[in-house]
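Okay, so here's the structure we're looking at.
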Amino acid sequence: MNRKEKILVIGACGQIGSELTAALRLKFGTHCVLASDIWPDTGVPRHMFPYLQLNVMDKEALSELMAEGDFTQIYHLAAMLSASGEKNPQPAWNLNMTSLLNVLELSVIHKVSKVFWPSSIAVFGPKAQKTACPQYEITEPTTIYGISKAAGELWCKYYFEKYGLDVRSLRYPGLISAGLPGGGTTDYAVDIFHYAVKGDAYTCFLKGDTKLPMMYMSDAIRATIELMDAPGDRLSVRTAYNLGALSFTPEEIYDTIIKFVPAFHIEYKPDFRQQIADSWPQSIDDKVANRDWGWRPEFDLENMVTDMLNRIRILTRDYSSEVSVSAAGSGYPADVS
Ligand code: AKB
């Protein structure tokens, strides 16, 4: 008989975690999904509950929780991203690797059925093919984040082969959502929307023609759930699957945003993140994910921009001044208001 699913999300307050936790709760029921993160529960929004403060680096605390929780699935999302990782290489390596090794080892001990851990396009480096970067391409990353993801993928495969742990992974591109990311190189593609909605000019930290692989969060969440639902014998990749959706430059996303916010301005002041972006592919070939478990993205650039502007406007709406804000004065066409 199947065990009733009991799910632990580690890093649940982050950009992916907050949306994945909500999606898992819709699928399995709120009380079957425990959200956890490093933050004390006093600062965590009510909708994240049931919630537990957990430092994934504290192996003893994690082990106790797993012994009590009898979890069937774990989603381990806590990590330091590419730009923060370049500023703090050793803490990034330590967090990204030790936390993964804690989760893998304890998942075997506590007989967890399935584990999800995110990888990234950052596993690729300057030697990889720039366009339509294949699944089995050279992975020689030049960032600590990328090195930790490339090594982590191999650890996942090792645990699958050696201990039979059903660990699954995706190489996420830059993820775009109304919730803020932190410390990544692709973060500009989220920040830009918040500036556009506020009516402020945006200074982009990448050059205008820097093309990178990107994905709308609702596609990323659907991909994660579809991968976790796929029959194990269909999965030929036990490192991490390439996952493609969109590719665009800051100029292209700006040109799409100004269709809805004509007064919006951008300027370009590339910083150290330009070098990271230049080391990554511009687009991803995800044929293997499509063949193995039917992956197909849904959002194109225009749909994503429309949805993002809607969501951020709702999130940041000032209800006290509702009467004085007219659609005509807001800079949005009627279908985005
Ligand atoms: C980052 O920019 O570091 C991340 C990623 C591509 O994994 N968004």
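Annotations for the structure displayed:
- For the pair the stretch 190-268 and the stretch 30-93, the centres of their Cα atoms are 25 angstrom apart.
- Mean Cβ neighbour count within 10 Å, used as a protection proxy, ranking 142-154, 261-273 highest first: 142-154, 261-273
- ³J(HN,Hα), Karplus 6.51/-1.76/1.60, whole Hz, each residue of the stretch 232-248, x for Gly, Pro: x, 6, 8, 8, 8, 10, 10, 8, 7, 7, 4, 9, x, 8, 10, 9, 8
- Element breakdown for the chain at a 1.4 angstrom probe: carbon and sulfur atoms account for 53% of the accessible area.
- The stretch 57-104 - convex hull of alpha carbons, volume per residue in Å³: 66
- Computed over the alpha-carbon pairs of the stretch 124-219, the distance histogram in 5 Å steps reads 2, 10, 16, 20, 19, 14, 9, 5, 3, 1, 0 percent, short to long.
- Estimated D of the stretch 172-212 in µm² per second, where Rh is the Kirkwood radius over Cα pairs and Stokes-Einstein applies at 10 °C, 1.306 mPa s: 145
- Computed over every Cα-Cα pair of the stretch 174-275 and binned at 5 Å starting from 0, the pair-distance distribution P(r) comes out as 2, 11, 20, 21, 17, 10, 7, 6, 4, 1, 0 percent.
- The stretch 146-191 - accessible surface per residue (Å², probe 1.4 Å): 32
- Largest accessible area first, the listed residues ARG291, ARG25, ARG317 line up as ARG291, ARG317, ARG25 when surface is computed with a 1.4 Å probe on the assembled protein chains.
- When the convex hull of its Cα atoms is projected in every direction, mean area for the chain (nm²): 17.5
- At 0.692 mPa s and 37 °C, Stokes D of the stretch 1-129 from Kirkwood alpha-carbon radius, µm² per second: 213
- Ellipticity estimate at 222 nm from DSSP helix runs (n ≥ 4, -39,500 (n - 2.57)) divided over the chain, nearest 500: -12500 deg cm²/dmol
- Summing +1 for each Lys or Arg and -1 for each Asp or Glu among the other residues whose beta-carbon sits under 10 angstrom from that of GLU153 gives +4.
The values are calculated or read from the model by the stated rules, or taken from the named source; none is laboratory data. Just so it is clear, the model here is predicted, and its values are computed rather than measured. Positions of Cβ are backbone-derived with ideal geometry, glycine not excepted, and every protein chain shown enters the neighbour counts. Only protein heavy atoms, including side chains, enter the accessible area calculation; ligands, DNA and RNA are left aside. Shrake-Rupley method; radii C 1.70, N 1.55, O 1.52, S 1.80 Å.
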